[in-house]
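The values are calculated or read from the model by the stated rules, or taken from the named source; none is laboratory data. Keep in mind the model is a prediction, meaning the values are calculated, not measured. As a convention, Cβ positions derive from the backbone with ideal geometry for all residues, glycine included, and neighbour counts pool all protein chains shown. Surface accessibility is based on the protein's heavy atoms, side chains included, excluding ligands, DNA and RNA. Shrake-Rupley method; radii C 1.70, N 1.55, O 1.52, S 1.80 Å.
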Amino acid sequence: MHRACPLKELAPGDALRLDTSPPIAVFHTEEGELFAIDDTCTHQDASLADGWVEGCEVECPLHASKFNLRTGAVDAPPAKLSVRVHEVTVVDGDIMIIESKEVPNLPPGLTVDGHV
């Protein structure tokens, strides 16, 4: 389990990147929902925490691929592979992430430990 931050420090509409391997992006939507997905776009090495969130989707800042925050599915190309979704819980006011056991989908040239 990873501690992201206190809930009060992640305002609605904001996101943050956890420096895990691979990195995880945590989103607090305008509607007040919390989501966590792999931070790296599966098309090319770009941080999804730096993307734009609308509703339940995040748009990659590099080439506009969109990912569903609930399922990790690709909602718009050029990405073809989904990202992992992680369980989010709030414990004693802190956002906690339970990392998925699935194998991550990473863009070409990237490994779980970084660049090849």
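Each residue of the chain gets 86 Å³ once the volume of the Cα convex hull is shared out per residue. Computed about the Cα centre, the dipole magnitude for region 31-74 is approximately 140 debye when only Lys and Arg (+1) and Asp and Glu (-1) carry charge, each at its Cβ. Scanning residues 5 or more positions from residue 5 or on other chains, those with amide H under 5 Å from its amide H are 95, with H placed 1.01 Å from N in the peptide plane. Here the accessible area of the chain is 49 percent carbon and sulfur, with a 1.4 angstrom probe and all protein chains present. Remark on residue 100: its backbone amide H falls under 5 Å from those of 87, a criterion applied only to residues 5 or more positions apart or on other chains, H modelled at 1.01 Å from N.
Accessible surface for the chain, divided over its residues, is 54 Å² per residue with a 1.4 Å probe. Only aspartates and glutamates eight or more places from residue 80 in sequence, or on another chain, were considered; those with a Cα closer than 19 Å are 38, 39, 45, 57, 59, 102. For region 22-54, backbone nitrogen atoms closer than 17 Å to the point 7 Å from residue 64 Cα along Cα-to-C-beta are found at 43-44, 51-54. The simple spin-label model puts a point 7 Å past each Cα toward its Cβ; for residue 111 and residue 2 those points are separated by 1.9 nm.
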